[in-house]
Amino acid sequence: MAKSNSFKPGRHLLQVPGPTNIPDRVLKALSIPTIDHRGPEFSEIAKRVLDRVRAVFKTVQPVIMYPGSGTGAWEAAIVNTLNPKDKVLMFETGQFSFQWAEQARKLSLEVDFVPGDWRTGADPKIVEQKLSQDKEHKIKAILVLHNETSTGVVSNIGKIRQAMDSAKHPALLLVDTISSLGSIDYRHDEWKVDVTVGGSQKGLLLPPGLSFNAISQKALDASMRSTMTKSYWDWKPMLENNKNGFFPYTPATNLVFALDEAINILMEEGLENVFKRHARLAEAARTAVKAWGLEILAKNPDEYSNSVTAVLLPAGHDADNLRSIILNEYNMALGMGLNKVKGKVFRIGHLGDFNETMLLGTLGGVELGLKKAKVPYKAGGLMAALDYLSK
Ligand SMILES: *Cc1c(COP(=O)(O)O)cnc(C)c1O
């Protein structure tokens, strides 16, 4: 086995579901010499980026950019719109729903956490039921993940919005799109989402370090009344400064340059084509998994994620052992199983700057690894994906 400190020839395949591979054009934009973030040149760039990034969320409302991770943007969504001890409704879809609920509790919110099996998304029927029963409107917000990265399950946000409308309930809708934005169709305005939380390092073709809140008028109104403690995450000084292309503190200047280029790339391909590419490559990945005779963690085909596929190993086989063999032998990183599915699943990230040959390389690496790790599987997954892609 290759030692971790020895030279590994060829390209490292980074197939975790984020951070993802970064296009060379974006790497170049990152390396532009840093400029004064209070000067006129930066202000022009920032205004342009703040304007253009809205298209990625499918919104005409303001989008706020923080220097920070996705977890920070979760916190921003909460502390700007809610009040201490507010009740919120959440669904246990997997590890990230767990972490957001934990954060909400730490911020004093009362979380009605609907238990889940880590194989399905948030259920619109339960949303409608819970909201219809809540005659006094105690539930102030629904916090849901569009794409649960730990399980590869997508929740149907359009249907959740319909359920909220049917129940005629005024709760806010806060949605995490950290691993779906720029890879799975998402519509902030059409679905009347109040805060969309995004991050730079998954579908947006960027390194970690930027995170986002896209906000609705209703969320802005709520922010005027919110009494949660906030400072760094406060929307108000952000929105005021952003009007002139400035920020209340130092923005991640080079990530802003890089985002400008990433938006160019997404728009050159066309967002709808980006979604189609992800759908096709994801289906090819799932075709391989099924041909191997392995099970996809996501139960319902209409909830399959087009950015990540979690694959269950047969009982008695350790997914972390498989991953470490694949990393050491074939120089490819796959996503690990988190929390309740630790050691039971591995995850293939198929999002961002990604194409057919990268997918085939990835699936080839998995198939080699399955054999080496002596996991029982049927040969031919790679071939099945190739057949699917050449149809
Ligand atoms: C990665 C991820 C997060 C956490 O983002 P960080 O940038 O690590 O804070 C939250 N939610 C989802 C769905 C994610 O995929």
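If you take the residues in the range 73-107 that are more than 14 Å from the ligand (Cβ to nearest atom), part of a loop (DSSP other than H, G, I, E, B) and touching a residue at least 60 places away in the same chain (Cβ under 8 Å), which one is surrounded by the most Cβ atoms within 10 Å (Cβ to Cβ)?
Restricting attention to the range 73-107, the residues satisfying the condition of being more than 14 Å from the ligand (Cβ to nearest atom) are 79-89, 105-107.
Retained after the next criterion (residues that are part of a loop (DSSP other than H, G, I, E, B)): 82-86, 107.
Still in the list and also touching a residue at least 60 places away in the same chain (Cβ under 8 Å): 82-84, 107.
Details: Leu82: 26, Asn83: 14, Pro84: 12, Leu107: 18.
Checked the range 73-107; the qualifying residue surrounded by the most Cβ atoms within 10 Å (Cβ to Cβ) is Leu82.
Out of all the residues in the range 14-35, is one or more assigned by TED's automatic domain parsing to the domain that holds Leu255, closer than 20 Å to Pro237 by Cβ and either assigned to a strand (DSSP E or B) or at pLDDT 95 or above (or both)?
Checked against the condition, which is being assigned by TED's automatic domain parsing to the domain that holds Leu255, closer than 20 Å to Pro237 by Cβ and either assigned to a strand (DSSP E or B) or at pLDDT 95 or above (or both), the range 14-35 yields no hits at all.
Tell me, please, whether a residue that is in a helix (DSSP H, G or I), touching a strand residue (DSSP E or B) at 6+ places or on another chain (Cβ under 8 Å) and not basic (Lys, Arg) can be found in the range 164-180.
yes
So which residues in the range 221-263 are without any contact (Cβ under 8 Å) to a residue 40 or more places away in the chain and within 16 Å of Pro62 (Cβ to Cβ), if there are any at all?
Within the range 221-263, Asp221, Met224, Lys236, Pro237, Glu240, Asn241, Lys243, Pro248 meet the criteria.
Which count do you get for residues in the range 193-216 that are of a type in the set (A, V, I, L, M) and on the phi > 0 side of the Ramachandran plot?
Residues meeting the conditions: 1.
Name the residues in the range 53-72 that are surrounded by fewer than 19 Cβ atoms within 10 Å (Cβ to Cβ) and more than 16 Å from the ligand (Cβ to nearest atom), would you?
Arg54, Ala55, Lys58, Val60, Gln61
Going by the conditions given, is Ile45 touching a Phe, Trp or Tyr at 6+ places or on another chain (Cβ under 9 Å) and either without any contact (Cβ under 8 Å) to a residue 12 or more places away in the chain or part of a helix (DSSP H, G or I) (or both)?
It is true that Ile45 is touching a Phe, Trp or Tyr at 6+ places or on another chain (Cβ under 9 Å) and either without any contact (Cβ under 8 Å) to a residue 12 or more places away in the chain or part of a helix (DSSP H, G or I) (or both).
Which residue is farthest from the ligand (Cβ to nearest atom), if the candidates are limited to the range 151-166 and must be surrounded by 19 or more Cβ atoms within 10 Å (Cβ to Cβ) and among the small types (Gly, Ala, Ser)?
Filtering first and then ranking leaves Ala163.
Conditions: (1) of a type outside the set (A, V, I, L, M, F, W, C); (2) closer than 25 Å to Ser183 by Cα; (3) touching a residue at least 24 places away in the same chain (Cβ under 8 Å). Glu295 meets all but one. Number of the miss?
Answer for Glu295: the failing condition is (3).
Out of the range 136-150, which residues are part of a strand (DSSP E or B) and either basic (Lys, Arg) or within 16 Å of the ligand (Cβ to nearest atom) (or both)?
Lys140, Ile142, Leu143, Val144, Leu145, Asn147, Glu148
Here is a yes/no grid of residues against (1) surrounded by fewer than 24 Cβ atoms within 10 Å (Cβ to Cβ); (2) of a type in the set (Asp, Glu); (3) within 16 Å of the ligand (Cβ to nearest atom):
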site	(1), (2), (3)
His169	yes, no, no
Ser179	no, no, yes
Tyr186	no, no, yes
Asp189	yes, yes, no
Ser200	no, no, yes
Arg225	yes, no, no
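Would you mind stating whether Asn355 is out of contact with any Asp or Glu (no Cβ under 9 Å at 6 or more places or on another chain), polar (S, T, N, Q) and closer than 30 Å to Glu269 by Cα?
In short, yes.
Check the range 307-321 and report whether any residue there is closer than 13 Å to Gln15 by Cβ and either over 22 Å from the mean Cα position of the chain (by Cα) or assigned to a loop (DSSP other than H, G, I, E, B) (or both).
yes
Does the range 28-51 contain any residue that is more than 15 Å from the ligand (Cβ to nearest atom), touching a strand residue (DSSP E or B) at 6+ places or on another chain (Cβ under 9 Å) and under 27 Å from Val153 (Cα atoms)?
No, the range 28-51 contains no residue that is more than 15 Å from the ligand (Cβ to nearest atom), touching a strand residue (DSSP E or B) at 6+ places or on another chain (Cβ under 9 Å) and under 27 Å from Val153 (Cα atoms).
For Leu205, state whether it is at pLDDT 95 or above, aliphatic (A, V, I, L, M), within 16 Å of the ligand (Cβ to nearest atom) and in contact with an Asp or Glu (Cβ under 9 Å, 6 or more places away or on another chain).
Values: at pLDDT 95 or above: yes; aliphatic (A, V, I, L, M): yes; within 16 Å of the ligand (Cβ to nearest atom): yes; in contact with an Asp or Glu (Cβ under 9 Å, 6 or more places away or on another chain): yes.
So Leu205 passes the test.
Condition first: assigned to a helix (DSSP H, G or I), in contact (Cβ under 8 Å) with a residue 60 or more places away in the chain and not polar (S, T, N, Q). Now tell me which residues in the range 203-219 satisfy that. Break it down stepwise before answering.
Of the range 203-219, the ones assigned to a helix (DSSP H, G or I) are 217-219.
After this cut, where a residue has to be in contact (Cβ under 8 Å) with a residue 60 or more places away in the chain as well, the list is 217, 219.
Ala219 - this is the single residue of the range 203-219 that is assigned to a helix (DSSP H, G or I), in contact (Cβ under 8 Å) with a residue 60 or more places away in the chain and not polar (S, T, N, Q).
Quick one: in the range 346-385, of everything that is in contact with a helix residue (DSSP H, G or I) (Cβ under 7 Å, 6 or more places away or on another chain) and free of Cβ contacts under 8 Å to residues at least 60 places away in the same chain, which residue is surrounded by the most Cβ atoms within 10 Å (Cβ to Cβ)?
Here the residue is Phe346.
The values are calculated or read from the model by the stated rules, or taken from the named source; none is laboratory data. On a predicted model such as this, the values are computed, not experimentally measured, just so you know. We place every Cβ from the backbone using ideal geometry, glycine too, and count neighbours over all the protein chains shown.
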